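Notes for the one structure printed next.
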Amino acid sequence: PATAVWAGERLGALASWLQPKRTRVGLANLRAAFDGALPPDEAARIIRRCYRQLGAGLMELLRLPAMDRAYVDRYISVEGRAHFEQAVASGRPVILLTGHYGNWELSSIAAALHGYPIVALARAQQKLPRLYRLLVSYRESKGCTIVHKGGAMKRLIAALEQRRLVGIVGDQASRQGVLVEFFGRPALFATGPFALAYSKDALIVPAFMHRVRGPFHRLVVE
């Protein structure tokens with residue numbers, strides 16, 4: 001695992017050089033977010049780390065077939081497990097809410113391998129469709145169910161009614177929501193997960209995956 005993550009980080013660093021347009025967009029966003037107060041070298045370092053993280057995450061996704069309960073127990077520690085257990089024990093429907101942070105994909109995999117399979121909402125990727133279908137099959141081989149946007153609401157409602165865990169990445173692009181101040185600028189905040197929870201009297205449990213070092217992660221349940 002450590003070698004795969006190391007290789008992924010190097011591939012991510014290479015991608016930052018091969019996609020200068022994306023890198024410039026990232027740098028521009030950082031300048032705007034920090035109102036020009038972030039030194040250019042620090043902004044560049046943050047962007048490189050983001051690319052390295054994405055590269056490492058991709059390599060871990062490709063290694064999903066080799067992951068089992070022993071892998072999760074060794075490389076993923078859980079902080080706030082009691083919050084999750086209390087939510088499940090309440091008898092109410094539960095929505096696990098995360099964001100594109102760390103290797104978010106491992107959150108649902110870790111839950112499934114611990115006996116809590118998740119119905120996860122995803123956006124189908126049009127680029128590299130064969131690779132995307134392969135990754136979906138990897139996720140579902142661990143017990144997850146992938147539901148794609150576009151007619152997914154009925155399946156999510158049915159899952160909550162059956163007391164199956166639903167997982168949503170809450171910062172996906174949306175055309176509906178409310179404007180909130182984010183780093184001093186208005187940003188559209190998707191309200192879909194909260195409307196869904198309200199309609200089914202479901203609990204929302206935020207959970208975020210933090211990479212500690214190499215293949216080691218910390219899953220924080222809030």
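The values are calculated or read from the model by the stated rules, or taken from the named source; none is laboratory data. Just so it is clear, the structure is predicted and the values come from calculations on it, not from any experiment. For neighbour counting, all protein chains shown are included, and Cβ atoms are generated from backbone atoms with ideal geometry for every residue, glycine included. Keep in mind that these areas ignore ligands, DNA and RNA; they rest on the heavy atoms of the full protein, side chains included. Shrake-Rupley method; radii C 1.70, N 1.55, O 1.52, S 1.80 Å.
In the stretch 41-59, how many residues are touching a residue at least 12 places away in the same chain (Cβ under 8 Å) and out of contact with any strand residue (DSSP E or B) (no Cβ under 8 Å at 6 or more places or on another chain)?
The qualifying residues number 13.
For residues in the stretch 141-178 being outside any helix (DSSP H, G or I), charged (D, E, K, R) and free of Cβ contacts under 8 Å to residues at least 40 places away in the same chain, which is most open to solvent (accessible area, probe 1.4 Å)?
Step one: filter the stretch 141-178 for residues outside any helix (DSSP H, G or I), giving 142-152, 162-178.
If we keep only those that are charged (D, E, K, R) as well, we get 142, 149, 163-164, 171, 175.
Filter once more, keeping what is free of Cβ contacts under 8 Å to residues at least 40 places away in the same chain: 149, 175.
Values: Lys149: 85, Arg175: 235 Å².
Taking the candidates together, the pick is Arg175.
Okay, residues lined up against (1) at pLDDT below 95; (2) under 22 Å from Ala111 (Cα atoms):
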residue: Ala13; (1), (2): yes, no
residue: Ala44; (1), (2): yes, no
residue: Ala56; (1), (2): no, yes
residue: Arg63; (1), (2): yes, yes
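Would you mention how many residues in the stretch 6-20 are open to solvent by 40 Å² or more (accessible area, probe 1.4 Å) and of a type in the set (S, T, N, Q)? Outline the logic, then answer.
Residues of the stretch 6-20 open to solvent by 40 Å² or more (accessible area, probe 1.4 Å): 6, 10-11, 14, 17-20.
Then drop every residue that is not of a type in the set (S, T, N, Q), which leaves 19.
The number of residues fulfilling the criteria is 1.
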_If I filter the stretch 179-211 down to residues being in a strand (DSSP E or B), surrounded by 11 or more Cβ atoms within 10 Å (Cβ to Cβ) and among the aliphatic types (A, V, I, L, M), which single residue comes out as nearest to the chain's Cα centre (by Cα)?_
Met209
*In the list Arg49, Arg92, Arg31, which residue meets the criterion of being modelled with pLDDT of 95 or more, farther than 17 Å from Gly115 by Cα and not aliphatic (A, V, I, L, M)?*
Arg92
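For (1) under 17 Å from the mean Cα position of the chain (by Cα); (2) at pLDDT 90 or above, each residue gets a yes or a no:
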position	(1), (2)
Ala82	no, yes
Ala87	no, yes
Leu106	yes, yes
Ile109	yes, yes
Arg123	yes, no
Leu135	yes, no
Tyr138	yes, yes
Ile146	yes, yes
Gly177	no, no
_Residue among Thr23, Thr3 that is open to solvent by 80 Å² or more (accessible area, probe 1.4 Å), modelled with pLDDT of 90 or more and among the hydroxyl-bearing types (Ser, Thr, Tyr)_ = Thr3
*Considering every residue within the stretch 27-35, establish whether at least one is more than 21 Å from the chain's Cα centre (by Cα), among the hydrophobic types (A, V, I, L, M, F, W, C) and within 22 Å of Val220 (Cα to Cα).*
no
